[in-house]
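Comments concern the structure below.
The values are calculated or read from the model by the stated rules, or taken from the named source; none is laboratory data. On a predicted model such as this, the values are computed, not experimentally measured, just so you know. Note that each Cβ is placed from the backbone with ideal geometry, even for glycine, and that neighbours are counted across all protein chains shown.
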Amino acid sequence: MTLLRNPFEDWGFALWRVLLVAGIGALVGLFVGHLWWGIVGALALELARQLANLNDFLDWMRRRNQRDPPDAGGRWGDAVSLVSRLHRRKQFHKQRILRLFRELRRSTASMPDGVVALNADREILWFNRKAAELLGLRRKTDFGINLASLLRVPEFARYLEKGEFSSSLRIKPRIGEPTCLEFQGAPYGEGQLFLLVRDVTRQAQLETMRKDFVANASHELRSPLTVIAGYLETLSLGDDLPEDLRGPIQEMRRQSERMTAIVSDLLELSRLEASDEQVVGQPIDVAALLAVLRKDLVTRDAGKHEVSVSIEAPDGLMGDTGLIHSAFWNLADNAAKYTPAGGKIALRWWVDELGGHFAVIDTGPGISPEHLPRLTERFYRVDPGRARDTGGSGLGLAIVRHVLQRHGAELKIESEEGQGSTFACHFPRTRLVREPIAMTGDSGYSPTNVD
């Protein structure tokens, strides 16, 4: 039976049928001597037939899984055929979706990580078996419950509320237990979220052991290195030291100083890693700080580089003065170490609608793109041989990253081989001290540049 017909043919067929019924009624009316009653009676019978077909069709629609479709002709037959086809298609897609859903449940149930589906209000829609095991969730009773209200960990609630899922979150969901869980959000749909849960207790314990070992080893190495450096300095100043030993003694002093610097950086990094709490601090005069950095850099380099300071806003910065000085100095010192003599180093501070920004811009050899993501890893060096020549420890940028994290800031690195590098610290607006800071003649403040 053809389901798609020309609408004019359909209307023509219906009109022809009505006229045929009326004609038959007219003939019967003429035969009994009542023409119009015959026509009205015939049309009434046709209407009753159509109503019976409609009632049969509706009854089949309500109970189409329990009874066969009605055997109707004409347009009712077309409607029954169309609905039957749509019903079969719906059943096919329903069964297909059910199969896919069962496969999804089976696959997620075998995953080593937990998966929790949350709606836009962060209420539980679904979770797999591993998530129930790790988070203590119960089927049926916990569906529709806000996940943050079940875990009751402030850091986790802030993680969900903030909505920035580019990084993961590690927490201990139960106080007094060593279990450590890592959460990673994956947004989808309209505000919905897949939350991946992983047990990282073993990794956390290993990291703690590593940090403790580094801190303890660094602390134990400091005293013997101090003694060694003292004796080497005494030997180097002796007038009776043979000339053939002066070179090796100086090299030993240089290496002991380098080891002392590495130990100091390791202790500083261990202290920063010991706590992830945000620093409150106090107002910092950024202009004065950069003037001091410039002075120290020029003195240490003995004028090898052209160092300039650009202060484009009088705003100060709220933070820990020692930590901020350490981070800014590491960036400036790093630029001085890798910029050839005669090159330029610029220290810049500016403010915009996003917050406060400090950048160190150099005219050094630049860095290849493949190295940029790993520069803040401890002991990572682009050129290990050159780093040893300049005395770098490979920990400076790792210290900078941790300092900025404790101030809610981030480090961005832009570099191109042969074009120099830019290391920029971006602080949120909440870290700015909006009141203009009173500048003195020694602060080095200028609305343009300080050279």
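Counting the residues of region 80-123 that are in a loop (DSSP other than H, G, I, E, B) and on the phi < 0 side of the Ramachandran plot gives 7. For the structure I just gave you, tell me whether residue 295 is of a type in the set (D, E, K, R), assigned to a loop (DSSP other than H, G, I, E, B) and in the same structural domain as residue 361 (by TED's automatic domain parsing). Spelling it out, it is not the case that residue 295 is of a type in the set (D, E, K, R), assigned to a loop (DSSP other than H, G, I, E, B) and in the same structural domain as residue 361 (by TED's automatic domain parsing). Taking the criterion of being closer than 16 Å to residue 185 by Cβ and crowded, with 16+ Cβ neighbours inside 10 Å, the residues of region 102-118 that qualify are 114, 115, 116, 117, 118.
Scanning region 69-80 for residues that are surrounded by 11 or more Cβ atoms within 10 Å (Cβ to Cβ) and within 22 Å of residue 15 (Cα to Cα) returns 72, 74, 75, 76, 77, 78, 79, 80.
Take region 243-257 and flag every residue that is under 12 Å from residue 228 (Cβ atoms) and not β-branched (Val, Ile, Thr). Selection gives 252, 253, 255, 256, 257.
Quick grid of which residues meet (1) part of a loop (DSSP other than H, G, I, E, B); (2) surrounded by 15 or more Cβ atoms within 10 Å (Cβ to Cβ); (3) modelled with pLDDT of 90 or more:
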| site | (1), (2), (3) |
| --- | --- |
| 412 | no, no, yes |
| 417 | yes, no, no |
| 423 | no, yes, yes |
| 426 | no, yes, yes |
| 436 | yes, no, no |
| 439 | yes, yes, no |
| 444 | yes, yes, no |
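Tell me, yes or no, whether region 19-41 has at least one residue that is under 30 Å from residue 129 (Cα atoms), at pLDDT below 75 and either among the hydrophobic types (A, V, I, L, M, F, W, C) or assigned by TED's automatic domain parsing to the domain that holds residue 134 (or both). There is no residue in region 19-41 that is under 30 Å from residue 129 (Cα atoms), at pLDDT below 75 and either among the hydrophobic types (A, V, I, L, M, F, W, C) or assigned by TED's automatic domain parsing to the domain that holds residue 134 (or both). Only one entry in 197, 153 is at pLDDT 90 or above, touching a strand residue (DSSP E or B) at 6+ places or on another chain (Cβ under 9 Å) and surrounded by 15 or more Cβ atoms within 10 Å (Cβ to Cβ), namely 197.
Residue-wise test of (1) without any contact (Cβ under 8 Å) to a residue 60 or more places away in the chain; (2) over 17 Å from residue 397 (Cβ atoms); (3) touching a strand residue (DSSP E or B) at 6+ places or on another chain (Cβ under 8 Å).
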residue	(1), (2), (3)
336	yes, no, yes
340	yes, yes, no
345	yes, no, yes
348	yes, yes, yes
352	yes, yes, no
363	yes, yes, yes
367	yes, no, yes
374	yes, no, no
378	no, no, no
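Restricting region 382-393 to residues that are surrounded by fewer than 17 Cβ atoms within 10 Å (Cβ to Cβ) and either among the small types (Gly, Ala, Ser) or modelled with pLDDT of 70 or more (or both) leaves a set whose member that is nearest to residue 426 (Cα to Cα) is 391. Selection of region 43-70 for residues being at pLDDT 75 or above and over 30 Å from residue 88 (Cα atoms) yields 43, 44, 45, 47, 48.
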